[in-house]
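Report on the following structure.
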Amino acid sequence: MKKKHTPGLTAKTALTGMVTLTLVMPAGLAGAASSSGTAVAVPSAVKVVAGTSLSAAATAQSNEADPSKVKFTKEQALAKLKSLFPLLEEAQVSSVELGINNSYPAPSNQMIWNIQWNYQQGSHGYGFSSQVDAVNGDLISTYLYFPDRQQNESYYPPEITREQALEKAKAFIAKAAPSLSVNDLELQDNVNYFSNPALFGPVQYGFNFTVLRNGIPSPLENVSVAVAADGSVRQFNKSPEHWSYPAAAASVSQAKAEQVFSDQFDVELVYVPVFKNGGANSWILAWRPTERALYATDALTGKRLDTSGAETTVASAVYSDVPQAANRFVPRSSTVELSSDEAAKRVKQVVSIPASRKLVSSSLGDDYSDKDRKIWRLNWLDNESLRTGFPSQSFAEVDAVTGQILSFNENKYGVPAGASEAAATKGTKLTKEQARKKAIALINLLYPDASANLKLVERGDNALNGGAGFSFQFLRFYKGIPVGDGGLTIGLDNNGALQSYYFPRTSDLEKAAIDPSAVKVTKEEARAQSFGKYKVKLQYGNFGGYTPAGFTEQKIKLVYSPVLQDSQNVPEVLNALNGKWTAQYDAPGQLKKASDASDIQGNPAEQALSTLVKYNILTPDENGKVYPDSELTSGDWLTWIAKAVTPYYANMNNGAERKPVAGVNPESPYYDAVSYAVQNRWIDADSAFQPDAKLTREGLAVLLTSIVKYNKISAYFQADPVINQFGDAASISRKGEVAVAVKLGLLQAENGKFNPADTVTKAEAAAVLLKLVELQGKTDQPIGQSLYY
């Protein structure tokens, strides 16, 4: 059977998700940690005109492609693409359409050539797409996917440096998007979503530019380019829209905006989860700016603006208790998992699912955030709605044991053409106070012991979203202190029907055992240090769009926004116990600085160690140390290799059943690395792997042989002369594997001995890993690349 591969979560889709995040708030606020806010992505397809409200339905219905307005023909678009991407000469065009008909909401700019490509290599087919503006000829997007071309090449050292790749990216933009001037592009040094963050495999440099309009950075327009190590461009993405912007003349001075920011800057003490390697590894008690501290200031009025763009005078959050309702969530006492029908019934007991929607799919799997939790994923669909092009669906996640509803999302789109607004808004609209009571009743049914664990965030304007509905924000408290990432929002429509809800997975906080009385950094000290991290910048801000309650009016405003002083840094929080700055998240695709490790200078393996730090394979502790002379376990080595090949390997099996692999239980911290190693046949699934055992030189030789896939040939080297030259040859039990590792230059003798039982240090393992990277393309089979794609 012919295989058809379509790229899934690519660098491009990852970028899109990150870019839409920044559309919710003025630049600077989006990147900063929020004390209790829930960011809501604004689809880039919705057009924004300053001061104009656009409903999603109107956007989708009123912007249709008009062939009579085409100025850049289909033939010109295809010729341009093949000129820009010579690799496309090897691909076939499978379809060309004018307009975007496969996304909702549809882009307001429908004058776009939407081109589908197919690349065939033997029995494998690969599909990808390109978009070209049919009016001005700008390239909008292309993502080339040719995995069969990258099976066994030599990637290191790369042919060009990052600086050379940047010049090629700028030259490409000038040809690809002539409506843009290179002088109107501002490089975002801390954004590398198109880069290849993996140590193994092709070298790819990613660049992201913010577009300047009227000399002011726009949060709506970005250009991203990925340049391969040979200088060719493999990915490109820019906004398809033709935006309108207000004038860039500010009525408020920079000095006045800075004063407003200073007057209202504040920090709060919160429990913060620190995410490493794709999951929460630890909790700290930290100081960080409040959400309101990072609000933008209107450059025309000098007023602070909340995330919806409304003027606000609220300087700090007000938290109120959540009353305990008579009807509230009670977990099941049975340990027997619910059936899908039982799970669906529990949802319907809390949420009203329209009768026209039928349960069309249900699946049982691990929770993405808590692998010890089994959840049901349920989807109700109104099949009749598919005919209108506005599908109506309901999604829910339910804990299969406790019966708790973990998330709910109502996908109810705009009013289809021909339907009356009255028909779409049946029922009595709630007042703000009625909606508040409804939200409190729901949170008691959704959240375990809500009255004891949560507080309602009061805002003053409280939750009225431009007529689209209501949203109420709750925040978890633990030992009287707010929990970062413990906030949740209930979105209701105007009639009080639940639109969205997500239960944050912060249940392991109790294990942290952090004593609030141990806080050593005062609030005054934290405020002073945090304030120095920011500066105020004049730029355009985008407000409104999609919220938990629905779509609201979108506007572009000229604002002064707080942004990080050093654009290359990721937002950090100040550890309240030791005063150290800590990054809460590993930024996707963001490579580290070698200087992040403080104890590798002068080490014989310094270059190798710094490379591993740069690629997030070796992570310094809070004191900046990696302890290069400490011993490594076998599980540590597999973790290094897995990170070097696929940085996000730990998330590859999310949702799948977790059962023992190679004798390693799911509770082991090495489980994901061992599973990945089994997938790639680095270790045998039927073996009894010991990940906690110290890694010996002989054990490393065995693993290296399987990674380079020379297991069979190693059998012929059992009596190879290279082994007999070692004075301790008799103590080597896996002579063939040791011979392979030595012949490939990965391991070597010392004073005439191999020392098979000696344990391997981090520094020694780092040097070996770099040799393995440099060996790529020099063996008959690929090194360090997954067998599955």
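What follows is calculated from the coordinates using simple rules that are stated; it is not laboratory data. Because the structure is predicted, anything quoted here is derived from the model rather than measured. So basically every Cβ, Gly included, is an ideal-geometry build from the backbone, and we count neighbours across all protein chains shown.
Summary table
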read-out: Potential lengthening between residue 318 and residue 163 on full extension [0.36 nm per residue; Cα-Cα distance subtracted]; value: 50.9 nm
read-out: Cα centroid separation - the range 506-544 against the range 338-370, whole Å; value: 37 Å
read-out: Under 13 Å from residue 455, Cα to Cα: aspartates and glutamates that are on another chain or at least 8 residues apart; value: 321
read-out: Peptides 239-245, 496-502 ordered by average Cβ neighbours within 10 Å, highest first; value: 496-502, 239-245
read-out: Approximate spin-label separation residue 251-residue 348, in nm, with each point projected 7 Å along Cα-to-Cβ; value: 5.6 nm
read-out: Sorted by Cβ density within 10 Å, fewest first, the residues 428, 73; value: 428, 73
read-out: Percentage relative contact order, the range 180-335, counting C-alpha pairs under 8 Å, at least six apart; value: 12 percent
read-out: Separation in nanometres of the label points that stand 7 Å from Cα toward Cβ, at residue 275 and residue 97; value: 3.3 nm
read-out: Flagged links, alpha-carbon separation over 22 Å, of 712/743; 437/555; 694/778; 643/712; value: 437/555; 694/778; 643/712
read-out: Label-point separation in nm, residue 259 to residue 328, each point 7 Å along Cα→Cβ; value: 4.9 nm
read-out: Residue order, fewest to most beta carbons within 10 Å, for 184, 621; value: 621, 184
read-out: Protection proxy ranking of 669-677, 340-348 - average other beta-carbon atoms within 10 Å, highest first; value: 669-677, 340-348
read-out: P(r), alpha carbons of the range 657-723 - 5 Å bins starting at zero, rounded %; value: 3, 16, 22, 25, 14, 10, 5, 3, 1, 0
read-out: Stretch gain in nm, segment residue 728-residue 750, where the contour uses 0.36 nm per residue and the Cα spacing is subtracted; value: 6.8 nm
read-out: Taking 330, 573 and counting other C-beta atoms within 10 Å, the order from fewest to most; value: 330, 573
read-out: Mean Cβ count within 10 Å, highest first, over the residues of peptides 206-215, 533-542, 433-442; value: 533-542, 206-215, 433-442
read-out: With 10 Å bins from 0: P(r) over the range 592-774, alpha-carbon pairs, percent; value: 9, 35, 36, 18, 3, 0
read-out: Cross-link reach list, lysines versus residue 557, counting only Cα pairs under 27 Å and skipping chain neighbours closer than eight places; value: 47, 238, 256, 303, 533, 535, 537
